[in-house]
Amino acid sequence: MKLGYLRQASVLALAATVLVHAPAIAAPQNAASPTPTSADQPPASGPAEAAGGEIVVTGSRIPRTSLTSTSPVASTTAQDIKLQSALTVEDFSTKLPQLAGGVRQASQGSDAFGAQVLDLRNFGQSRSLVLLDGTRAVPFSFRNSVDVNALPASLIKRVDVLTGGAAAVYGADAVAGVVNFILNDDFKGVQASASSRFAEHGGKEYGGSVMFGTGLGDRGHVVVAMDYTQRELTRSGTRDWAITPNSTIPSIGGVFTDVASGRKFGFTDSGQFTTTPAATSNISATYPLIEPLKRINAAALFNYEITPTVEVYGRALYTNARTQESGTPGPNPPTISQTVGINATNPFLTSDIRNQLTFVNGVAQVNVSRSLAELGLITYHTERNTFQGQLGLRGPITGNIKWNVYGQYGRSTENSPITGDGLVTNAAGVNNFALNANTANIFGPNSSSLATALGTTINGFDRKRDQLVTSANLSGTLADLFSLPAGPIGFAVGAEYRRETAAIVQDSALLTGNTFREGVQAAYTGEFDVKELYGELLVPVLHDVPLIKKLDLGGAYRYSDYNLFGTHGTWKAEVNWQVDSNIRLRGTYQRVLRAPNFGEFAATTSSLPFNNLITVARLTPRYAGDPCVIGTGNAAQCARLGAPAVGSANSLAPSYLEGNYYYGGNPDIKPEVGTTKTAGVVFTPTFAPRLTLTVDWYELNLKGAVGVIQPVAAITSCYITNPTASNPLCALVTRDPANGHFLDAYVNNQNLGRIVQRGIDIAASYTIKTDWLPGSGVRLSYQGNIVTSYTIQANPTVTAIQCKGTFGATCSSDGTTLVQPDYRHNASVSWLFGRGIVQVNWNRIGKVKNSAAGATDTIAAQNTFDLSASYQLNRVLTLSGGIYNFTDKDPPFVASGGVFNTFPDTYDVTGRTYGISLTARF
């Protein structure tokens with residue numbers, strides 16, 4: 001499939017929009033699917049309209065007889081997941097155009113500590129709501145987001161991705177949309193699978209699952225499933241493109257200066273003595289490119305009819321996940337830059353060293369600058385346990401009205417011991433390095449005695465997150481009372497109560513900042529609750545009149561009373577117009593809301609060394625140098641605030657940032673509010689019964705977005721754009737009165753920003769019946785996203801930035817996803833035959849340019865291709881597998897602002913990968 005074909009598909013879709021004289025929205029289908037998977041046509045593994053039963057569509061609580069939806073919903077089926085040899089949600093979710101990067105397996109320096117989170121539309125990981133069968137999944141840590149590693153891939157029947165907001169239906173946090181995991185609660189029989197994925201250049205993932213489902217007499221059903229997944233550590237040295245030449249740290253052999261004479265000496269990385277030592281070393285080849293993961297999932301789902309009008313149902317999910325990640329400081333080992341006394345009797349002095357030192361009364365004062373690579377890389381050994389249980393009762397009141405009451409409780413706990421770091425002082429307050437300077441070998445690299453003396457496991461932190469939800473609901477139609485000429489009115493009404501708590505307990509060394517790399521990490525607790533009432537209506541207005549085969553109007557309203565954030569109303573208005581058998585128009589207009597997470601309203605002040613904004617790659621976009629030294633600052637303002645003269649210092653040297661970077665929550669923070677609009681067309685021509693074409697237009701407009709004024713913005717405002725004595729942002733980055741260097745930065749969360757995105761989703765699917773190729777036909781599928789505008793105003797002191805088609809932290813809504821393409825697609829060609837499928841997938845990420853002011857560098861469009869197949873060997877065994885990124889496309893190179901010379905949040909870093917899965921079903 002060529003790009004010209006895709007352009008023609010886009011033109012055709014837009015032409016269809018013009019023909020029906022209305023903007024368009026539809027529920028696209030997954031391009032990887034061998035069968036239709038939009039909300040307009042049921043997936044192969046999902047409920048079918050022909051079955052005659054009522055179902056609930058993602059985005060609505062009103063049961064209906066088909067999967068037809070007013071909101072745009074893209075679905076991924078169990079077969080799609082199997083074709084990717086997927087062991088985790090990440091293995092297949094990264095291909096969906098609506099999902100941006102988020103936190104992934106290669107997110108070095110993340111504070112998610114091994115979790116994998118989803119990000120819809122580049123709106124940030126806390127603005128996408130994750131559901132399990134239409135109810136909330138338990139979040140982890142201090143965020144509103146869910147670690148989807150806690151979800152068993154083998155139990156997933158279907159994944160619905162609804163974009164465009166859904167706060168009135170599901171409550172807060174569904175700003176960019178929801179991802180609803182539909183579990184296989186009606187499975188019958190026994191199924192066992194073994195899967196493996198291994199990359200050609202290093203890295204593997206493997207696991208297995210077993211699932212059992214049976215009836216409970218003729219009155220109920222139970223499904224039990226267990227998964228095991230293991231992903232091995234892959235280091236950056238296995239990929240040529242990931243070695244970072246400019247990612248240097250202070251010399252691992254050390255640079256030593258005799259204070260009295262000024263003589264310098266040191267050691268090479270291999271341990272050779274030299275009087276011309278290099279100041280830096282590069283150990284980036286040892287950094288973890290892909291985090292290891294060990295995961296165990298257990299799940300049970302059941303339902304049982306107690307009486308003809310009362311059914312009890314529930315689920316229990318448990319996950320234990322263990323990961324190793326570098327955490328927020330990044331993997332760099334601790335460094336030392338201090339003066340210590342070296343005794344003449346030090347047993348590790350060689351004649352070369354002794355000749356360089358000046359002893360006074362048997363002691364030489366020596367300045368030591370070196371990395372403590374002996375301690376290893378900074379590593380958080382995180383174990384996360386996630387549990388969620390749900391128990392409910394439901395049943396019919398009449399043939400048209402049903403009731404449902406449930407309660408669910410979830411808890412996520414994690415513990416993260418830290419290795420690769422050490423304590424600055426001992427219990428008596430004595431500096432540990434100075435204390436051991438004469439009893440451990442501090443000269444040269446790889447000193448085992450130094451590792452023993454300084455290395456320790458820091459207990460790290462314990463984090464706990466609890467969620468309690470209770471809900472009561474009535475839904476159905478008013479057919480028992482009356483019906484309109486076009487049909488009965490559908491409705492849903494209900495009440496919910498939700499209580500969320502979080503607690504973070506830090507090791508005493510983190511609380512006091514007594515580690516080399518971690519800074520000061522605050523402990524805190526927080527809680528909030530919300531009481532809610534909601535209602536939803538679907539009114540059939542007309543049917544079977546000229547130009548209107550069916551016209552439905554709908555709406556929803558939710559009233560939310562937060563004990564901390566006040567009362568808020570969210571609402572939805574929708575229209576669904578079936579013109580004829582060929583064309584359907586629909587649209588929504590909604591008010592959405594996101595409640596602050598615990599890190600935003602409950603966290604107390606923590607800090608990192610200010611110079612981490614230079615030494616940690618993930619943080620470097622937050623500081624761009626001192627305008628007064630570089631020469632771009634206002635001279636009068638620079639003089640007024642005591643800045644150094646132009647060219648008198650290197651403001652990008654770590655030593656220029658002398659103090660700390662302070663950050664934390666804000667108890668006065670308010671919820672984010674906004675509106676979403678969608679409009680679209682679904683084209684299902686009768687002259688081509690196997691063709692579906694959909695076009696979606698959307699607008700997401702969020703006000704009061706929680707954010708911070710980073711040092712780069714405060715410094716720019718103070719010294720360049722608003723260089724006045726009264727500028728309050730100048731106080732956010734202070735100066736050392738002795739030399740004018742930057743001292744401390746102050747950052748805390750506030751309702752500062754505005755984020756607006758507009759775009760178009762296009763999906764097309766067509767199955768061609770062929771005589772020349774055996775089987776049931778060839779299926780062509782395409783799903784693409786075009787961002788027409790994406791503006792971010794980080795705070796009121798700066799103007800809005802056009803971010804469509806960009807990369808870099810300047811245009812990141814949450815500092816995690818750093819690539820904002822204005823075009824993405826996933827296209828496939830599938831050969832369908834009686835016992836299997838062969839499929840080729842094409843994933844394209846469009847060209848992007850650097851979002852930094854004045855930058856001109858770009859990243860070309862990236863294309864990767866997958867070849868996958870599934871074949872039923874016999875009535876029991878099915879073999880699936882594939883070659884993913886089979887052209888072995890490397891991720892693009894970026895000069896700065898990325899990690900491993902690229903952006904692992906968006907681009908594939910594993911290279912050519914082989915996957916295979918064998919499933920037995922009895």
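Restricting to strands (runs of 3 or more DSSP E) lying wholly in segment 846-922: which have 3 or more residues that are surrounded by 15 or more Cβ atoms within 10 Å (Cβ to Cβ) and touching a residue at least 60 places away in the same chain (Cβ under 8 Å)?
Values: elements: 848-850, 862-872, 877-884, 913-921.
Hits in segment 846-922: 862-872, 877-884, 913-921.
Farther than 30 Å from Gly395 by Cα, surrounded by fewer than 16 Cβ atoms within 10 Å (Cβ to Cβ) and not aliphatic (A, V, I, L, M): is that true of Asp507 in this structure?
So Asp507 fails the test.
Would you call Phe348 more than 15 Å from Ser371 (Cα to Cα), surrounded by 15 or more Cβ atoms within 10 Å (Cβ to Cβ) and within 39 Å of the chain's Cα centre (by Cα)?
No: the conditions fail for Phe348.
Assess whether Tyr656 counts as being in contact (Cβ under 8 Å) with a residue 24 or more places away in the chain, surrounded by 18 or more Cβ atoms within 10 Å (Cβ to Cβ) and under 22 Å from Gln521 (Cα atoms). It would help to see each step written out before you state the result.
Numbers: in contact (Cβ under 8 Å) with a residue 24 or more places away in the chain: yes; surrounded by 18 or more Cβ atoms within 10 Å (Cβ to Cβ): yes; under 22 Å from Gln521 (Cα atoms): no.
No, not satisfied.
Look through Thr229, Thr244 and report the one residue that is part of a strand (DSSP E or B) and among the hydroxyl-bearing types (Ser, Thr, Tyr). Even if it seems obvious, please write down each step before you answer.
Values: Thr244 fails: part of a strand (DSSP E or B).
Matching residue, one of Thr229, Thr244: Thr229.
Among the strands (runs of 3 or more DSSP E) confined wholly to segment 274-364, which include 3 or more residues that are over 30 Å from Leu132 (Cα atoms)?
335-343
So Thr791 passes all but one of these: (1) closer than 29 Å to Thr721 by Cα; (2) at pLDDT 80 or above; (3) touching a helix residue (DSSP H, G or I) at 6+ places or on another chain (Cβ under 8 Å). Which condition number does it fail?
(3)
Select from segment 256-272 the residues that are more than 17 Å from Gly341 (Cα to Cα) and not hydroxyl-bearing (Ser, Thr, Tyr) and write down the one among them that is farthest from the chain's Cα centre (by Cα).
Among those residues, the one meeting the criterion is Gln272.
If you scan segment 149-164, which residues turn out to be in a loop (DSSP other than H, G, I, E, B) and closer than 21 Å to Val469 by Cα?
Residue satisfying the conditions is Leu151 alone.
Among the residues of segment 475-491, which ones are under 19 Å from Arg61 (Cβ atoms), among the hydrophobic types (A, V, I, L, M, F, W, C) and in a strand (DSSP E or B)?
Selection gives Phe491 alone.
Examine segment 199-220 for a residue that is over 33 Å from the mean Cα position of the chain (by Cα) and buried (at least 17 other Cβ atoms within 10 Å of the Cβ), and state whether such a residue exists.
No, because not a single residue in segment 199-220 is over 33 Å from the mean Cα position of the chain (by Cα) and buried (at least 17 other Cβ atoms within 10 Å of the Cβ).
Being modelled with pLDDT of 90 or more and either of a type in the set (Lys, Arg) or assigned to a loop (DSSP other than H, G, I, E, B) (or both) is the filter here; which residues of segment 690-721 pass it?
Lys703
Does Asp529 satisfy the condition of being surrounded by fewer than 22 Cβ atoms within 10 Å (Cβ to Cβ), out of contact with any Pro (no Cβ under 9 Å at 6 or more places or on another chain), over 22 Å from Val73 (Cα atoms) and without any contact (Cβ under 8 Å) to a residue 24 or more places away in the chain?
Here the answer is no, as Asp529 does not meet what is asked.
Those residues that are in a loop (DSSP other than H, G, I, E, B), more than 19 Å from Ala321 (Cα to Cα), touching a helix residue (DSSP H, G or I) at 6+ places or on another chain (Cβ under 9 Å) and not small (Gly, Ala, Ser), I need them from segment 68-94; list them, please.
The answer is Thr68, Gln84.
Answer yes if at least one residue in segment 734-748 is within 23 Å of the chain's Cα centre (by Cα), surrounded by fewer than 18 Cβ atoms within 10 Å (Cβ to Cβ), modelled with pLDDT of 95 or more and within 30 Å of Leu99 (Cα to Cα), and no otherwise.
Taking segment 734-748 and keeping what is within 23 Å of the chain's Cα centre (by Cα), we get 747-748.
Checking the rest, the ones that are also surrounded by fewer than 18 Cβ atoms within 10 Å (Cβ to Cβ) come to 748.
Narrowing the set further to residues that are modelled with pLDDT of 95 or more leaves none.
Checked against the condition, which is being within 23 Å of the chain's Cα centre (by Cα), surrounded by fewer than 18 Cβ atoms within 10 Å (Cβ to Cβ), modelled with pLDDT of 95 or more and within 30 Å of Leu99 (Cα to Cα), segment 734-748 yields no hits at all.
The values are calculated or read from the model by the stated rules, or taken from the named source; none is laboratory data. No experiment lies behind these values; they were computed from the predicted model shown. Please note: Cβ atoms are built from the backbone with ideal geometry, for glycine as well, and neighbour counts cover all protein chains shown.
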